1. Tally up the residues in the range 20-76 that are polar (S, T, N, Q) and either outside any loop (DSSP other than H, G, I, E, B) or modelled with pLDDT of 80 or more (or both), please.
2. Within the range 138-148, which residues are more than 15 Å from the chain's Cα centre (by Cα) and in contact (Cβ under 8 Å) with a residue 24 or more places away in the chain?
3. Condition test on residue 130, is it surrounded by 14 or more Cβ atoms within 10 Å (Cβ to Cβ), in a strand (DSSP E or B) and touching a Lys or Arg at 6+ places or on another chain (Cβ under 7 Å)?
4. Looking at this structure, is residue 82 over 18 Å from residue 152 (Cα atoms), touching a Leu at 6+ places or on another chain (Cβ under 8 Å), of a type in the set (A, V, I, L, M) and modelled with pLDDT of 95 or more?
5. Could you count how many residues in the range 89-118 are assigned to a strand (DSSP E or B) and either touching a helix residue (DSSP H, G or I) at 6+ places or on another chain (Cβ under 7 Å) or farther than 29 Å from residue 76 by Cβ (or both)?
6. Does residue 100 meet the test of being touching a strand residue (DSSP E or B) at 6+ places or on another chain (Cβ under 7 Å), among the acidic types (Asp, Glu) and at pLDDT 90 or above?
7. Just to verify a result, which residue in the range 51-99, among those that are over 17 Å from residue 29 (Cα atoms) and buried (at least 19 other Cβ atoms within 10 Å of the Cβ), is farthest from the chain's Cα centre (by Cα)?
8. Determine whether residue 151 is in contact (Cβ under 8 Å) with a residue 40 or more places away in the chain, surrounded by fewer than 19 Cβ atoms within 10 Å (Cβ to Cβ) and of a type in the set (Ser, Thr, Tyr).
Amino acid sequence: MRKLTTLLLLFVVALTAHAQFEKGTKYVGLSASGLGFSYSSSEKFRLGLDADAGYFVADCLMLHGNVGYEHTRNMDDVRVGAGVRYYFDQCGVYLGAGAEYNHFTADSNDVMIPLRVGYAFFINKFLTIEPALYYKMSLHDFSNNSTVGASIGVGFYF
């Protein structure tokens with residue numbers, strides 16, 4: 001009985017979440033990236049924090065900006081970027097793409113093209129947990145700076 005009640009509750013939450021991807025909705029999010037799952041050929045361990053803010057310019061289409069910090073064993077980097085997210089059919093699954101400018105502590109800079117697939121799981125009408133997988137392609141040094149990883153975050157839609 002408990003499993004059935006939990007399943008019914010999750011179904012109701014999923015049905016009530018659709019209104020959050022409408023035109024005019026604002027978004028603020030914070031996520032931890034890398035989490036030990038990120039990989040590039042130059043560094044096997046990465047851990048980062050990202051802050052994100054966005055605005056839905058059309059139903060299911062969000063423009064956003066982000067700032068972030070990432071730590072590796074040898075260096076740290078600070079980044080700023082912008083991008084777009086498309087949410088599929090009000091279900092919470094999204095695809096994202098954009099551009100990021102990275103400044104590394106080793107006095108080098110890079111432009112990255114991040115591609116992301118994720119899911120916005122609504123806890124209540126406004127708050128989400130957002131797991132995602134990403135690939136960041138480096139335009140400066142493709143083979144050494146490009147990364148693949150996972151992130152988990154919290155989002156607030158208002």
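1. The qualifying residues number 6.
2. Result: 138, 139, 140, 141, 143, 144, 145, 146.
3. Values: surrounded by 14 or more Cβ atoms within 10 Å (Cβ to Cβ): yes; in a strand (DSSP E or B): yes; touching a Lys or Arg at 6+ places or on another chain (Cβ under 7 Å): no.
So residue 130 fails the test.
4. When the stated conditions are applied, residue 82 passes them.
5. First pass over the range 89-118, keeping only residues assigned to a strand (DSSP E or B): 93-104, 108-118.
Still in the running and either touching a helix residue (DSSP H, G or I) at 6+ places or on another chain (Cβ under 7 Å) or farther than 29 Å from residue 76 by Cβ (or both): 93, 110.
Summing the residues that are assigned to a strand (DSSP E or B) and either touching a helix residue (DSSP H, G or I) at 6+ places or on another chain (Cβ under 7 Å) or farther than 29 Å from residue 76 by Cβ (or both) in the range 89-118 gives 2.
6. When the stated conditions are applied, residue 100 passes them.
7. Result: 72.
8. It is false that residue 151 is in contact (Cβ under 8 Å) with a residue 40 or more places away in the chain, surrounded by fewer than 19 Cβ atoms within 10 Å (Cβ to Cβ) and of a type in the set (Ser, Thr, Tyr).
The values are calculated or read from the model by the stated rules, or taken from the named source; none is laboratory data. These numbers were taken from a predicted model, which means no experiment stands behind them. Because the Cβ atoms are built from the backbone with ideal geometry, glycine has one as well, and the counts that use them run over all protein chains shown.
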